[in-house]
Each structure stands twice: as structure tokens, then as C-alpha cells.
Amino acid sequence: MGSWINGATIYQVLVDRFAADGDVLPDRGENEFLGGSINGIRSRLSHMQAMGITCLWLSPFYQTLQYHGYHITNFEKVDPHFGSLADLRELVDDCHALGMRIIADWVPNHCSAEHPFFQEALSNRNSPYRSWFYFNDKTNGYRSFLHYPELAKFNLNNADARSYMLNNARFWLSFGFDGFRIDHAIGPGMGFWRALRRLVDREFPEAVLLGEGWGAGI
């Protein structure tokens, strides 16, 4: 793991709530997208640097149904509410040019129940994606993240699902992220974490993995 994390000052940014493209965020309902963007973050990097921030922790920016980013419908795309892949590239490059690191909030445990993989698995019991999730074949019920049925839990013991998520990690680390803050790290099994650790140690030895281990009331 990268030694740069020792003594780092990490600043978390919720993309949709931080800064718009040069404009003040509107006052709308608390569960709506308010217009915070990747370019809005870029415009304030120098200020963060002046504050002594050495690492930016970016909330989920993937295609999503919710402003906070955790209801993911595509793990490979940037949600257009936040900007584009090119905007994200410039943010990563800008951070590095300022001597800052940047880590992504990564969510391997679950996806939105509207994700195309899950929708196919839900409607077709013969779908290859069926075994990517935990279904009760008698009721067609499924395991979710905690008690939220809108978030379907991945079965990362399935070889194809595990390979998909490991390749997703490889994609974003190759993109330039310096590591991940991993959402709900107590969800996937240890087999998945050992596989991820091997991948990161082998291909991205300077990357860091920070797991959310909060479990109060779970």
C-alpha cells in the first residue's frame, strides 16, 4: 500500500452538494440533484490546497439514480448530472499537478435494482446474471443491501461477478485514481477482498484501500 497515506489530510467531497460550474447551488428538495459538478470541484482545488488538503475523496460519480451516487446503474460511466469522463480526467490530472492525491468512493457490494444486469436477472431466471445476485427461486425475492430493496446485493463469490468487479477496480485505478474508499466493506466475503488485494499489490502498489467498517445496528 502506498506510503503517501501516512500523514495525509483527506477531504471528502459529495459531488452534487459541493459546487456547481461557477454558480450557486439551487435550493430544491433534499433528495433532488442540485447541480454540483466535477468542474465545480476543479474550480476550488487551489483553495483546498491552500487549506492543507493533500488528498481528495470523491463521492460516487458513476451513473446513478440518486444525488449521493450510491444507487449505481452503470459502474463504467460518469453520471451526466456530474459531468463527463473527460471532466473527470481533468480533475484527476489537476489534483496530481497540484501534488494532491485523489481517491474514489467505490461500491462493489451492491447496485441499484434498476441496473440492467439485475433487471435481466429478475425477469429471466435463465439469465447468466441470475447467479450474480442472491435470489430465492421460490419467491423470486432477492438479498439487498441491509433493508433497502432498491439496492440489490452482488454475489461476489460468483466467478463472473467477481471478475467484473475486479476489472472495474482495475479500470478506475488505471484511469489515475490513487485508491478507493470502499463502501460497506463488511458486505463482500474475504475471498473477494483477498483477490482485490492481490490485484492491487501486483498492478497498483502505490494505491490505497480504505474500507468502511461501520456496523452499528447492522
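The values are calculated or read from the model by the stated rules, or taken from the named source; none is laboratory data. Computed from a prediction, not measured in an experiment: that's the story for all the values here. FYI the Cβ positions are ideal-geometry reconstructions off the backbone, even for glycines, and counts take in every protein chain you see. Just so you know, the surface numbers come from the protein's heavy atoms only, side chains and all, with ligands and any DNA or RNA stripped out. Shrake-Rupley method; radii C 1.70, N 1.55, O 1.52, S 1.80 Å.
Of all residues in region 67-89, at least one satisfies being more than 21 Å from PHE145 (Cβ to Cβ), in a helix (DSSP H, G or I), of a type in the set (A, V, I, L, M) and under 17 Å from the mean Cα position of the chain (by Cα). Selection of region 70-105 for residues being open to solvent by 60 Å² or more (accessible area, probe 1.4 Å) and over 16 Å from ALA20 (Cβ atoms) yields GLU76, LYS77, LEU85, ALA86, ARG89, GLU90, ASP93, HIS96, ALA97, GLY99, ARG101.
If you go through region 176-214 and keep only what is acidic (Asp, Glu), touching a residue at least 60 places away in the same chain (Cβ under 8 Å) and under 15 Å from TRP57 (Cβ atoms), you end up with ASP178, ASP183. Considering region 45-66, the residues that are touching a residue at least 12 places away in the same chain (Cβ under 8 Å), open to solvent by 70 Å² or more (accessible area, probe 1.4 Å) and not in a loop (DSSP other than H, G, I, E, B) include one that is farthest from THR9 (Cα to Cα), namely SER46. If you check SER123 against the conditions, is it of a type in the set (Gly, Ala, Ser) and open to solvent by 70 Å² or more (accessible area, probe 1.4 Å)? Criteria met by SER123. Looking only at region 141-156, residues that are modelled with pLDDT of 95 or more and either out of contact with any His (no Cβ under 9 Å at 6 or more places or on another chain) or not aromatic (Phe, Trp, Tyr) (or both) come to 11 in all.
Residue-wise test of (1) among the polar types (S, T, N, Q); (2) in contact with a helix residue (DSSP H, G or I) (Cβ under 8 Å, 6 or more places away or on another chain).
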site: PHE135; (1), (2): no, yes
site: LEU146; (1), (2): no, no
site: LEU151; (1), (2): no, no
site: ASN157; (1), (2): yes, yes
site: ASN168; (1), (2): yes, no
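Among the residues of region 200-213, the one identified as under 19 Å from the mean Cα position of the chain (by Cα) and loosely packed, with under 11 Cβ neighbours inside 10 Å is GLY213. Scanning region 90-115 for residues that are over 17 Å from the mean Cα position of the chain (by Cα) and either polar (S, T, N, Q) or part of a loop (DSSP other than H, G, I, E, B) (or both) returns LEU98, GLY99, MET100.
Residues of region 143-175 that are open to solvent by less than 20 Å² (accessible area, probe 1.4 Å), under 15 Å from ALA104 (Cα atoms) and in contact (Cβ under 8 Å) with a residue 40 or more places away in the chain: MET165, ASN168, ALA169, TRP172, PHE175.
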